[in-house]
Amino acid sequence: EAEVAQSPRYKITEKSQAVAFWCDPISGHATLYWYRQILGQGPELLVQFQDESVVDDSQLPKDRFSAERLKGVDSTLKIQPAELGDSAMYLCASSPQGYEQYFGPGTRLTVT
Amino acid sequence: GQQLNQSPQSMFIQEGEDVSMNCTSSSIFNTWLWYKQEPGEGPVLLIALYKAGELTSNGRLTAQFGITRKDSFLNISASIPSDVGIYFCAGPHNNDMRFGAGTRLTVKP
């Protein structure tokens, strides 16, 4: 069964450092999403791509966060510089069409 | 942003019991989704609902799209220990997917 791949699964970084997460969606899924999930809460959308184009990044803190999906397949989310409040689970999801999204296992980020 | 309110926040039940949880909003949703998340993993899609009044089952899980389109319900029959996890409702709002805060289910053997 096809799955969304994410790496790394866990990342510990010091504040002010740069950190990057990678996501490989299910093959053929045109839409890709990055979410942030704080412990005890539901996921919150950061950015949505349709192929290589950003559809919605209204909730992305653009002073420190950036996301790209250059060839419309895999995607990278970067944080620079990381802050203590960025500690969270970062989830990637993909969708073939419609609203059914399939999530990867996530990257657990701890900023110290 | 538009909030989805889930209740209860947590449930502690005995294996074999049935479970009911719900999700409400002050706005109308045209799609309701139910996900389950286990510790350290991403959410897994359980059921998708697209029509008011729709009742859909997936094994022991049954979900309903409320007729007012402002709520949805998830029922689990004859719970088993592997049902443990956090159950999230979600729905699209202004092209954003919104998630509730989840219902945490604990099943005691």
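The values are calculated or read from the model by the stated rules, or taken from the named source; none is laboratory data. Please read these numbers as outputs of a predicted model, since none were measured by experiment. In this analysis, Cβ positions are derived from the backbone assuming ideal geometry, glycine residues included, and neighbour counts consider all displayed protein chains. With ligands, DNA and RNA removed, areas are computed over all heavy atoms of the protein, side chains included. Shrake-Rupley method; radii C 1.70, N 1.55, O 1.52, S 1.80 Å.
Can you find a residue in segment A:23-36 that is outside any loop (DSSP other than H, G, I, E, B) and either of a type in the set (Gly, Ala, Ser) or open to solvent by 80 Å² or more (accessible area, probe 1.4 Å) (or both)? For segment A:23-36, residues outside any loop (DSSP other than H, G, I, E, B) and either of a type in the set (Gly, Ala, Ser) or open to solvent by 80 Å² or more (accessible area, probe 1.4 Å) (or both): absent. When each of A:Val73, A:Val55 is tested for being assigned to a strand (DSSP E or B) and either more than 10 Å from chain B (Cβ to nearest Cβ) or farther than 19 Å from A:Gln6 by Cα (or both), the lone residue that passes is A:Val55. Among all positions in segment A:85-104, there is at least one residue which is part of a loop (DSSP other than H, G, I, E, B), within 14 Å of another protein chain (Cβ to nearest Cβ) and modelled with pLDDT of 95 or more.
Matching residues to (1) touching a residue at least 60 places away in the same chain (Cβ under 8 Å); (2) over 16 Å from A:Phe21 (Cβ atoms):
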{"site": "A:Leu46", "(1), (2)": "no, no"}
{"site": "A:Asp51", "(1), (2)": "no, yes"}
{"site": "A:Pro61", "(1), (2)": "no, no"}
{"site": "A:Arg64", "(1), (2)": "no, no"}
{"site": "A:Glu68", "(1), (2)": "no, no"}
{"site": "A:Val73", "(1), (2)": "no, no"}
{"site": "A:Leu84", "(1), (2)": "yes, yes"}
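Considering B:Ile76, B:Ile80, the condition of being surrounded by fewer than 16 Cβ atoms within 10 Å (Cβ to Cβ), in contact (Cβ under 8 Å) with a residue 40 or more places away in the chain, at negative phi and touching an Asp or Glu at 6+ places or on another chain (Cβ under 7 Å) is satisfied by B:Ile80 alone. Of the strands (runs of 3 or more DSSP E) that lie entirely inside segment B:28-109, those containing 3 or more residues that are more than 8 Å from chain A (Cβ to nearest Cβ) and either within 13 Å of the chain's Cα centre (by Cα) or within 24 Å of A:Glu3 (Cβ to Cβ) (or both) span B:32-37, B:44-49, B:55-58, B:61-65, B:71-76, B:85-93, B:103-108.
Of the residues in segment B:62-73, how many are open to solvent by 20 Å² or more (accessible area, probe 1.4 Å) and of a type outside the set (S, T, N, Q)?
Adding up the residues that qualify gives 5.
For the structure I just gave you, tell me whether A:Val4 is open to solvent by less than 40 Å² (accessible area, probe 1.4 Å), aliphatic (A, V, I, L, M) and closer than 21 Å to A:Pro61 by Cα. Criteria not met by A:Val4.
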